[in-house]
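Report on one structure; see the data block that follows.
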Ligand code: ADP
Ligand code: MG
């Protein structure tokens, strides 16, 4: 482990030239954005004072997109168009997603051979996880620019330590779509350690215990002179705060059913409602002895039960215990005795629960660090890194370097993997290795890039394949093909190859197979510009329709009430104009460009009823005045 700390040259800002940089925790359940203000890392809130933005994106019928609390509230009524936990699908293909039965979304396999990523069918069309995540990032970016009053120079975005190349690339692509300049991707546990200032400690080994909404991650980081090395990671991708909610939910159901088997199953909406109540009760019990769960179900049943803290612990202790098994495995992989752990950091909203804290304390035989909010700590650390990267701090500040989480290598003869960059190499890194031809006169060579620790190609993850062509014909073994692997500071890989003996340059650079190409990003950007125009048109049309319909309703009511104020001819004139407008509003006659005609007909109808409106006004005034003398009307 040579190169340990770097300071970025030429990046220190002149005093008073504070560059706006942010840290973003793009979480499975909640996302946050933070920045360093007056030397202190702070999470930015939205206008309602919320720090956490639920990572939920909803595509509305009118073409709008909403993100956060508003989208979360509609999850049960519009599940297919309300996407939650999209992080689980980043950089994944259809076959990567096991157990799809419980996911309400409509998945579609992307184009094989281009970007293998999967797509989700929504009412706004096919959306990739990258595009959906970009909506979350756009919302956070807008929040930051509003509260900081300027354009952002860049962002540090956090990713789980175990994210592979494809998942990291997908995260970067999402940021590009959101028009964010990514300064660096940073591992979540590393960010948490930075927030606690552990990077200032000279040396040590730290455990980051992260229990979020739906995932549990444990990371063991070793800090040596400014570099965090991931000694081991483990976890459970199907264990989190949601499971605690589910236990309470089942307990409530048992209570209200009271042993009767005739209770009809709950509707989707009642299930959501009860789960929400369960989550609130769980969070309440973190600081209180008992929680009351009160709500009325759609079948009229009134739920009114009280859950005590000891009961809650009894219901969920097995879930807490379940986190300890990956923890033990990680400790075993890191090959460390418990005494060597210098600190334990709690991350994730679910670690607020006292029995989780106790279990961690008991296992590690030390009190965990909790003075920073566990659901904010990752964003806070990312903001500190971002601030350093844009040069807001002095030259003496040191940048933190990450390491490669998995080994990177090439396929060689016999389906074996030759590792080029071993795991835990400090980033950025470039390593080259020479290969040669297998047959006489061979002019092309197929290169297969793999990621993983195993020996066999079939046990590793395939990242990319490409062919090096134009090798001059030589006897077998004479050509010298130099293959170079480069991993940049974000953990992104590029591979190039060239033949050296003949001086024939044949260079190729590959991007990971799941990543988007420049053209694809461009097309997506262009289509989102195109969509913006469509969205605008749809909104104008919707508004015209609403205005037309409300005028029609008002006039129908007026005709019914005061129709006798009009002559037969006058009445017919108005009815004719109403018919014109009604006809334009018929389902089959409406198209994207109808708004102009609807507006015109609405105005014509309005004009035709001016006289009628005046008569009605007079009539209503005389009705009001009837039987009153003038004196009583004086103000
Ligand atoms: P993620 O990393 O998955 O985006 P978070 O770190 O935001 O998620 O954690 C979300 C989880 O934390 C949810 O299950 C939520 O109910 C839980 N949580 C938040 N606050 C509390 C609290 N006060 N007590 C118990 N659980 C909490
Ligand atoms: Mg998290």
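No lab work stands behind these numbers, since they all come straight from the coordinates. Just so you know, these numbers come straight off a predicted model, no measurement behind them. So basically every Cβ, Gly included, is an ideal-geometry build from the backbone, and we count neighbours across all protein chains shown.
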Spacing of the two label points (7 Å from each Cα toward its C-beta) at residue 575 and residue 88, in nm: 6.0 nm
Residues of segment 409-440 with backbone nitrogen within less than 14 Å of a virtual label 7 Å along the Cα-to-Cβ line of residue 458, please, listed as ranges. 414-417
On a full-extension model of 0.36 nm per residue, what is the gain between residue 299 and residue 617, subtracting their alpha-carbon distance, rounded to one decimal in nm? 109.7 nm
Could you work out Rg/(2.2 N^0.38 Å) for segment 241-335, with Rg from alpha carbons only? 1.29
In nm, what is the difference between 0.36 nm times the number of residues separating residue 537 and residue 250 and their Cα-Cα distance? 98.6 nm
Could you order the peptides 190-198, 65-73, 23-31, 41-49 from most to least packed, using the average number of other C-beta atoms within 10 Å per residue? 23-31, 190-198, 65-73, 41-49
Separation between the residue 50 and residue 264 pseudo-spin-labels, each 7 Å from Cα along Cα→Cβ, expressed in nm? 3.3 nm
Give the separation of the Cα centroids, segment 22-59 to segment 164-200, in Å. 14 Å
If packing is taken as the average number of other Cβ atoms within 10 Å across a peptide's residues, how do 310-322, 207-219 rank, most packed first? 207-219, 310-322
For peptides 122-133, 575-586, sequence by mean Cβ density within 10 Å, most packed first: 122-133, 575-586
Using a Förster distance of 35 angstrom, determine the FRET efficiency expected from the C-beta separation of residue 549 and residue 106, and round it to 0.05. 0.65
R0 of 60 Å, Cβ-Cβ distance residue 413-residue 315: FRET efficiency to nearest 0.05: 0.60
Give the percent of DSSP beta bridges with both residues in segment 266-422 that are antiparallel, rounded to the nearest 5. 90 percent
What distance in nm lies between label points placed 7 Å from Cα along the C-beta direction at residue 594 and residue 325? 5.9 nm
Just subtract the alpha-carbon distance of residue 443 and residue 482 from 0.36 nm times their residue separation and send over the number in nm, one decimal. 12.6 nm
